[in-house]
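Heads up, the thing below is written out as structure tokens.
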Amino acid sequence: MSDPSRPHILIVEARFYDDMADALLDGAKAALDEAGATYDIVTVPGALEIPPAISMALDGQENGGTRYDGFVALGMVIRGETYHFDIVSNESSRALMDLAVSESLALGNGIMTVENEEQAWARVKRSEKDKGGFAARAALTMIALKKKLGG
Ligand SMILES: Nc1c(NC[C@H](O)[C@H](O)[C@H](O)CO)[nH]c(=O)[nH]c1=O
Ligand SMILES: CC(=O)[C@@H](O)COP(=O)(O)O
């Protein structure tokens, strides 16, 4: 039984790039550990699978599954040669926004969409930008806001 006084978070990570996923996850876990939050971690192949995974977790909550106070999405989308970058980037972010608004979710979006690996590495745990940690803190902030607003 999780401690009701501590936020319980679901981290959904896309491991399209394993090494970068590790760095994003390190940042998110460090932020959640610092805040005293508890969390589960699920892994999906790519960023496009993150919104469906969160939707599955929401369905699970209605069927006796684990209840989550908030969600953290982690992924790295790097532009290639084709239009697929735009699809993956735009559709994953749009689906997350649609879910967050329609379900009033406390969600931190840590799906990075970058032009190249240099930009990618400059935004994970091993850098001052630490987008994984930022997404985790965003989720925690929205959990507190939701409680303040009576959600
Ligand atoms: N190119 C990247 C992808 N592409 C894969 C998709 O996200 C998806 O898994 C596939 O289309 C099967 O449904 N995903 C990333 O996370 N990052 C990329 O750079
Ligand atoms: C973001 C992507 O889907 C990308 O990695 C795919 O690369 P490409 O456009 O060269 O097939």
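The values are calculated or read from the model by the stated rules, or taken from the named source; none is laboratory data. Remember, predicted model here, so these are calculated numbers, not experimental data. Neighbour counts are summed over all protein chains in view; Cβ atoms, including those assigned to glycine, are modelled from backbone coordinates with ideal geometry. Surface accessibility is based on the protein's heavy atoms, side chains included, excluding ligands, DNA and RNA. Shrake-Rupley method; radii C 1.70, N 1.55, O 1.52, S 1.80 Å.
Against the main long axis of the alpha-carbon atoms of the chain, helix 50-62 sits at an angle near 10°. For region 8-149, give the percent of accessible area contributed by carbon and sulfur heavy atoms, probe 1.4 Å, rounded to a whole number. Of the solvent-accessible surface of region 8-149, carbon and sulfur hold 51 percent. Is the C-alpha gyration tensor of region 82-151 telling us rounded, prolate or oblate? Criteria: a/c under 1.5 is rounded; beyond that, a/b larger than b/c is prolate, otherwise oblate. It comes out oblate by the Cα gyration axes. Principal-axis analysis of the Cα atoms of the chain puts helix 18-35 at an angle of about 30° to the longest axis. Using Cβ point charges alone (K and R +1, D and E -1), the dipole size of the chain about the Cα centre works out to roughly 600 debye. Summed over qualifying helices (DSSP H, 4 residues or more, each -39500 (n - 2.57)) and divided by its residue number, the chain shows a 222 nm mean residue ellipticity of -15500 deg cm²/dmol. In region 24-151, with Lys and Arg counted as +1 and Asp and Glu as -1 at Cβ, which of these residues, T141, L48, Y68, has the Cα nearest the positive end of the dipole, that is, farthest along it? My answer, from the dipole projection, is T141. Using a Gaussian network model of the chain in which every pair of alpha carbons under 10 angstrom is joined by a spring, one finds that among S92, S102, S55 the greatest mean-square fluctuation is at S102.
Does region 31-151 come out rounded, prolate or oblate, given a ≥ b ≥ c as the square roots of the eigenvalues of its C-alpha gyration tensor, rounded meaning a/c under 1.5 and, failing that, prolate meaning a/b above b/c? Since a/c reaches 1.5 but b/c is at least a/b, the shape of region 31-151 is classed as oblate. Lysine pairs in the chain whose alpha-carbon atoms fall under 25 angstrom of each other, counting only those eight or more residues apart or on distinct chains, come to 8. The H on the amide N of I111, modeled in the peptide plane, is under 5 Å from the matching H of G75, each at least 5 residues off or on a different chain. Seen from T113, the other residues with C-beta closer than 15 Å to its C-beta sum to a net charge of 0, counting Lys and Arg as +1 and Asp and Glu as -1. Peptides 23-29, 42-48 ordered by packing proxy, namely the average of other Cβ atoms within 10 Å per residue, highest first: 23-29, 42-48.
In this structure E103 has an accessible area near 100 Å², from a 1.4 Å probe over the protein heavy atoms.
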